[in-house]
1. For the range 233-250, what does the Karplus curve 6.51 cos²θ - 1.76 cosθ + 1.60, with θ = phi - 60°, yield as ³J(HN,Hα) per residue in whole Hz, taken in order and with x for Gly and Pro?
2. Taking 7 Å along the Cα-to-C-beta vector as the label spot, tell me the Ala113-Asn91 distance in nanometres, rounded to one decimal.
3. Between beta-carbons, use under 13 Å as the cut-off and find the net charge around Gly285, counting Lys and Arg +1, Asp and Glu -1.
4. Could you give the nm distance between label points at Arg291 and Asp271, where each point is 7 Å from its Cα heading toward the beta carbon?
5. Can you tell me the length gained on complete extension of the stretch Asn133 to Arg300, counting 0.36 nm per residue apart and subtracting the Cα distance?
6. How far apart, in nm, are the 7 Å Cα→Cβ label points at Phe98 and Ser57?
7. List, in order, the whole-Hz ³J(HN,Hα) value for each residue of the range 125-135 obtained from phi through the Karplus relation with A = 6.51, B = -1.76, C = 1.60 and θ = phi - 60°; use x for Gly and Pro.
8. What residues have an amide H closer than 5 Å to that of Ala47, excluding those fewer than 5 places away on the same chain, when H is modeled at 1.01 Å from N in the peptide plane?
Amino acid sequence: MVRRTLRHRKHAALKVGGVGLLAVALLGAGLTLASADDGARTGAQTANCPTVRDKLSNVPAAAIAGVEQELANLDKQIEEANARLAQQAANPQGGANFIRNAILGPLASKRVAALDRIGININRVGGQRPDLNSLATCDLNPPGTPSALNRDAGNGNGNGNNAGNGNAGNNNAGNGNAGNNAGNGNAGNNAGNGNAGNGNGGVGVAQTVSCPSVADRLPAVPARAAAEVQRELANLDKQIADADARLAQLAIRPEGGPNFVRNAVIGPLEDRRVAAINRIATAIGRVNGDRPGNLVNLARPCSAR
C-alpha cells in the first residue's frame, strides 16, 4: 500500500514537471513571436489634407482670433487622425476600407464644421465669407511623410498674423518609430514682432511661439510605444497652437505689462511641455527599460517672436 502511494506521487510529480516544461517552452516561443512581430511592423501613413491658412485673404482684424482658433482646431484634427493611423500601423484592424471609414471620413466631417466656423467668423465682422468646402476632404501620405499643417503654411491674409512660421510639426512622425525622422513642431518661427501683449494699446502683428523641437531628437521608439508617443507629440503641437491663438488675441486686444506674455502665455506653456515630454519618456522607458531622462530639457526655453 505504501509502495503504491509512493509510485502514484512520483508519477504525479513527473506529470506536473512535464506540464511546467511545456509551459516554459510555450512562453519562450510566445516571447520570440512577439519580438518578431514588433520588428516586422512598418511605418504609419499620415493624413494628407489641404492647408487652409494660405487660401485665406483679407481676414478682418476683428476675426483673426476666431480664425486662428479654428486653424489650430484643423491642425489638432489632423494630429488626432495621425495618432489613429499610428495605432493602426502598430495594431491593424478592420478591412480594406477601415481607414477611409473610421479615420478619414470622420476627419472630413470635423473639417467641414471647422471650415464653416472660419467663414462665420469672417462674415460676422463684415468680411466676405470664403468658399472653403473643397478643402474638407483628406487623403493619405506615404509612410513617414509629414502632414501639411496650417501653422506651416504661409500666411495669405495680409494681416500679418502668424506669418509663415516654418513649423514642421511634432506630430508628423507617423511611422513605427513615432517621430525619429520627423520635423520640428515650431523650429524656426519667424513671425513678426508686433508688440503683442505689452500694454501699448495698439493692434500689431501677432507673435508666435518658438520652442525646442522634440520629434527629431527622440531616441529609437519601440513600436509598442509609438501610438502613445505620437499622441504626446500631437499634444505638444496643440499646446503651441493654443499659445499662438492666445498671442493672436493679444495682438488685437493687448493687456498686462511688459512681462505679461512671459508670465501668462510662455511660462504655462513650458510647464505643460514638461508634463507631455515626461509622458513621452515614460512611454519609451516602460517598453524598453531605458527612459530618456534628458528629453525634459527640450521643454524650455520657449519664446514669443
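Just so you know, all these numbers are worked out from the coordinates, no wet-lab data involved. Everything quoted here is computed from the prediction, not taken from an experiment. Note: ideal-geometry Cβ built from the backbone for every residue, glycine included; neighbour counts use all protein chains shown.
1. Going residue by residue, I get 5, 5, 4, 4, 5, 5, 4, 5, 4, 5, 5, 4, 5, 5, 5, 5, 5, 5 Hz, with x marking Gly and Pro.
2. In this crude spin-label approximation the distance works out to 2.6 nm.
3. Working: positive: Arg224, Arg279, Arg286, Arg291; negative: Glu228, Asp290.
So the environment of Gly285 carries a net charge of +2.
4. Taking the two extended label points, one gets 2.2 nm.
5. Working: separation 167, 0.36 × 167 = 60.12 nm, distance 3.85 nm.
Full extension of this stretch gives 56.3 nm more.
6. Modelled inter-label distance: 4.4 nm.
7. 9, x, x, 7, 5, x, 8, 10, 4, 5, 8
8. Here the answer is Asn82, Asn141, since their amide H atoms fall under 5 Å of that of Ala47.
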